[in-house]
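Chemist: Have a look at this one before I ask anything.
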Amino acid sequence: MSRKILLEVKNLKQYFPLRRKSVVKAVDDVSFHIYEGETFGLVGESGSGKSTTGRTIIRLYDPTGGEVIFDDKVISDKKLPKDDKIYVNKHMQMIFQDPMACLNPRMTVMDIIAEGLDIHGLCKSKEERTQRVYELLRTVGLNEQHANRYPHEFSGGQRQRIGIARALAVEPKFIIADEPISALDVSIQAQVVNLLRKLQKENGLTYLFIAHDLSMVKYISDRIGVMHKGKLVELASSDDLYENPLHPYTKSLLSAIPLPDPDYEKTRERIKYDPSIHDYSTESPEWVEIRPGHFIYGSKSELANYEKELSAKESNA
Ligand SMILES: Nc1ncnc2c1ncn2[C@@H]1O[C@H](COP(=O)(O)OP(=O)(O)OP(=O)(O)O)[C@@H](O)[C@H]1O
Ligand SMILES: [Mg+2]
């Protein structure tokens, strides 16, 4: 059975001009797709271009180059027809690391959550609107009493739930979660992740889940893309990436995950990534599917080494 691709990102580039004619290549020729109903994790260190990728997908920026195709519509076009714009605004939602920054402090939770309902005219009466907000509050583990309060009256975890309820209100297909748990206490992180998983199952949602490190992403994603300095350097299913990491940057990210196993922890060594090991002065790197579904960025000679590494593992298996 072939799976439906909900989002396709093709050779996406997002360059920001700096002073003196230089540019930051925040996203530089990035290609990947996301299947309907899956969670696609995007990981990489600070400044690698994860948020810019998300923001460009959701049309906060016009891309410098490349295309974004959502539900078979090319949505990256500057002159996107109005109907398609409305479609994207409804079906793509974003949740953020710091919900406080995106929840209007002067609006009640009721009005915050209902904003999308109002914009898209989804409720016929005030009563229907109220009931829908109550229902959304319950869905995210809050209750009716919370509707008339203001964002500052909530804890970080509760605010993230409000942000999730707001995103869910318009019944989107696709949610970009930009580090939605990084600012939360560790004890709260799992709760919010479990809520996102529950909502995904119930509503058939598709997620782009952005994070710094692999610890939580490995656990919630079906497939993962690893970003470094504006480039995707590796992409594979979570299991494959975990078992057969090829790119030294992926290996370094994996070595940073602590495990609840004291014996392992004693021997765990952090692998440091040194980008200067890549010599791309004579051989330019390519983005290649080295095994079905496993993509890697490298020069001809690097790819030959990755191939050797994989073959050796496979013959030992
Ligand atoms: N609006 C902008 N104007 C100019 N430069 C920008 C802009 N947004 C991002 N950048 C630059 O683009 C690069 C990628 O930034 P981005 O925020 O996408 O990284 P990130 O991977 O999300 O990092 P973090 O993990 O810190 O959130 C950085 O060098 C950043 O300074
Ligand atoms: Mg970011």
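Chemist: Only Cα pairs under 8 Å and at least 6 apart count here; give the relative contact order of region 103-219 as a rounded whole percent. List each step's numbers first, then the result.
Modeler: On the way: 122 pairs, mean separation 31.0, N = 117.
Reported as a whole number, the value is 26 percent.
Chemist: Summarise the long-distance tail of P(r) for region 167-303 by giving the % of C-alpha pairs beyond 20 Å.
Modeler: Values: 5120 of 9316 pairs.
Tail of the P(r) past 20 Å holds 55 percent of the pairs.
Chemist: Roughly how compact is region 248-307, stated as its Cα Rg over 2.2 N^0.38 Å to two decimals?
Modeler: Values: Rg = 14.8 Å, N = 60, 2.2 N^0.38 = 10.4 Å.
Relative to the 2.2 N^0.38 Å estimate, region 248-307 comes out at 1.42.
Chemist: Two decimals is fine: what's Rg over Rh for the chain, C-alpha atoms, Kirkwood radius as Rh? Can you show the working numbers first?
Modeler: On the way: Rg = 21.0 Å, Rh = 21.1 Å.
Radius of gyration over Kirkwood radius for the chain works out to 1.00.
Chemist: Please report, to one decimal in angstroms, the Kirkwood hydrodynamic radius of region 72-150 built from all distinct Cα-Cα pairs.
Modeler: Working: mean 1/r = 0.0696 Å⁻¹.
Its Kirkwood hydrodynamic radius stands at 14.4 Å.
Chemist: Can you pull the Kirkwood radius for region 11-114, inverse mean 1/r over Cα pairs, to one decimal in Å?
Modeler: On the way: mean 1/r = 0.0635 Å⁻¹.
Result for region 11-114 stands at 15.7 Å.
Chemist: Something else now. For Ser31 and Glu128, FRET efficiency with R0 = 41 Å and r from the beta-carbon atoms, rounded to 0.05? Display every interim value, and only then the final one.
Modeler: Numbers: r = 43 Å, r/R0 = 1.04.
Given R0 = 41 Å and the Cβ-Cβ separation, E is 0.45.
Chemist: Considering only C-alpha atoms, what is the centroid distance from region 2-61 to region 207-251, in Å?
Modeler: Cα centroid of region 2-61 versus Cα centroid of region 207-251: 14 Å apart.
Chemist: Next question. Just the Cα atoms of region 1-65: what Rg and Dmax do they give in Å?
Modeler: 13.5, 52
Chemist: Using Cα atoms only, what is the angle between the long axis of helix 82-91 and the major principal axis of the chain, expressed in degrees (0 to 90) to the nearest 10?
Modeler: Here the helix axis deviates by roughly 80 degrees.
Chemist: Okay, next question. What is the magnitude of the charge dipole of region 1-155 about its Cα centre, with +1 placed on the Cβ of each Lys and Arg, -1 on the Cβ of each Asp and Glu, and no other charges, expressed in debye to the nearest 20?
Modeler: Values: 24 positive and 22 negative charges, 125 e Å.
About 600 debye.
Chemist: Give me Thr282, Thr39, Thr64 sorted ascending by neighbouring Cβ count inside 10 Å, so fewest comes first.
Modeler: Working: Thr282 8, Thr39 23, Thr64 17.
So the residues, fewest neighbours to most, are Thr282, Thr64, Thr39.
Chemist: Under 16 Å from a label point 7 Å along Cα→Cβ of Glu243: give me every residue in region 212-231 with its amide N that close.
Modeler: What the label zone holds, given the 16 Å backbone N cut-off, is 219, 222-224.
Chemist: Let me ask something additional. Going by how many other Cβ atoms sit within 10 Å of their own, how do Met110, Met92 line up, fewest first? Walk me through the numbers before you get to the answer.
Modeler: On the way: Met110 18, Met92 25.
The fewest-first ordering by Cβ neighbours comes to Met110, Met92.
Chemist: Return Phe209, Phe154, Phe16 ranked ascending by Cβ neighbour count within 10 Å, so the fewest neighbours appear first.
Modeler: Numbers: Phe209 25, Phe154 19, Phe16 13.
Final ranking by Cβ density, sparse to dense: Phe16, Phe154, Phe209.
Chemist: Compute and list, largest first, the equivalent-ellipsoid semi-axes of region 118-228 from the alpha carbon gyration tensor, each √(5λ) rounded to a whole angstrom. Intermediate results must be reported in sequence, preceding the final value.
Modeler: On the way: eigenvalues 143, 58, 25 Å².
In descending order the semi-axes read 27, 17, 11 Å.
Chemist: What is the angle, in °, between the Cα long axis of helix 109-119 and the longest principal axis of the Cα atoms in the chain? Nearest 10 is fine, range 0 to 90.
Modeler: Helix 109-119 sits at roughly 80 degrees to that axis.
Read the figures in this text as sums done on the coordinates, not as results from a lab. On a predicted model such as this, the values are computed, not experimentally measured, just so you know. Neighbour counts are summed over all protein chains in view; Cβ atoms, including those assigned to glycine, are modelled from backbone coordinates with ideal geometry.
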